[in-house]
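The values are calculated or read from the model by the stated rules, or taken from the named source; none is laboratory data. From a predicted model like this one, the values you see are computed outputs, not experimental measurements. Here the Cβ positions follow ideal geometry from the backbone for every residue, glycine too, while neighbour counts run over all protein chains shown.
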Ligand SMILES: C[S@@+](CC[C@H](N)C(=O)[O-])C[C@H]1O[C@@H](n2cnc3c(N)ncnc32)[C@H](O)[C@@H]1O
């Protein structure tokens, strides 16, 4: 497995890459979160990928800030009454096992079949802290996802949707279609997403993105409108937090990037911005 030519085999391998950063953070004395499952889930392959992809092990601060911000927004949505967390493209995320959660909370994870079955192999004997269900489904299958969304809508009072690290692999049209499908379910009240500016998207396409593109996992989405992209499908930004600003708050931002602070107000355009957004219904 330490073959230096080994590379990304498809979009689901990106889940192992992200788990690598959660494993690294967990080892720190001052960790912003601890995921005791991440090392096992990333596996040797995840460690290898992160250390052989171009720029694959750089920007650790951004991955950590992203996880931290998703944790914050998910907790807030649950405190505000969400009784179901729908994690689209959950990958190797272990939040149902590591967060403080009510045992009555419903948590549904969706991802492609291979990664769902790998995760089941690794975590099958562990006990989640809430009512967890894993569903293997291709979210590009519009009929299948609409069917799932309407079933979940019927079985909950208030749903928070999470899609961490997914939208960037979809075209703007695909994102818009998914966004409309989510908005058409009346109990889907909030949606937590991560977003890159057009400038950041171009940077990523030139580095790690080249190799991911060859594996059919090209980076595609970085809208000029920022979080307002979702307005036409029924969502508006309630809270938007930049990853660099968040990393700086915890003294994790690299010195060479500090000159980019403070982040611009409004749509970041060419500024290399990434952030996490809490969307609510318009
Ligand atoms: C970068 S990983 C993020 C995983 C997880 N959310 C996290 O942050 O650790 C991207 C995930 O998107 C999933 N994915 C990509 N396209 C998908 C699709 N069409 N349907 C379902 N899952 C998809 C991949 O399998 C992978 O697990």
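Residue under question is residue 35, and the condition is that it be within 11 Å of the ligand (Cβ to nearest atom) and in contact with a helix residue (DSSP H, G or I) (Cβ under 9 Å, 6 or more places away or on another chain); does it hold?
Values: within 11 Å of the ligand (Cβ to nearest atom): yes; in contact with a helix residue (DSSP H, G or I) (Cβ under 9 Å, 6 or more places away or on another chain): yes.
Yes: the conditions hold for residue 35.
For the stretch 1-32, a residue qualifies if it is more than 16 Å from residue 51 (Cβ to Cβ), at pLDDT 95 or above and either within 10 Å of the ligand (Cβ to nearest atom) or out of contact with any helix residue (DSSP H, G or I) (no Cβ under 7 Å at 6 or more places or on another chain) (or both), and the qualifying residues are 15, 28, 29, 30.
Here residue 242 meets the list (1) over 20 Å from residue 165 (Cα atoms); (2) in contact with a strand residue (DSSP E or B) (Cβ under 8 Å, 6 or more places away or on another chain); (3) at pLDDT 95 or above almost entirely, failing just condition (1). When we screen 122, 85, 142, 110 for residues that are more than 9 Å from the ligand (Cβ to nearest atom), surrounded by 19 or more Cβ atoms within 10 Å (Cβ to Cβ), at pLDDT 95 or above and at negative phi, the only hit is 85. You will find that of 49, 41, 69, the residue that is modelled with pLDDT under 95, buried (at least 22 other Cβ atoms within 10 Å of the Cβ) and assigned to a helix (DSSP H, G or I) is 49 and no other. Taken over the stretch 205-252, the criterion of being in a helix (DSSP H, G or I) and crowded, with 20+ Cβ neighbours inside 10 Å is satisfied by 208, 209, 212, 226, 227, 229, 230, 243, 244, 246, 247, 248. When 117, 179, 140 are screened for being free of Cβ contacts under 8 Å to residues at least 40 places away in the same chain, touching a strand residue (DSSP E or B) at 6+ places or on another chain (Cβ under 8 Å) and either part of a helix (DSSP H, G or I) or farther than 20 Å from residue 37 by Cα (or both), only 117 passes.
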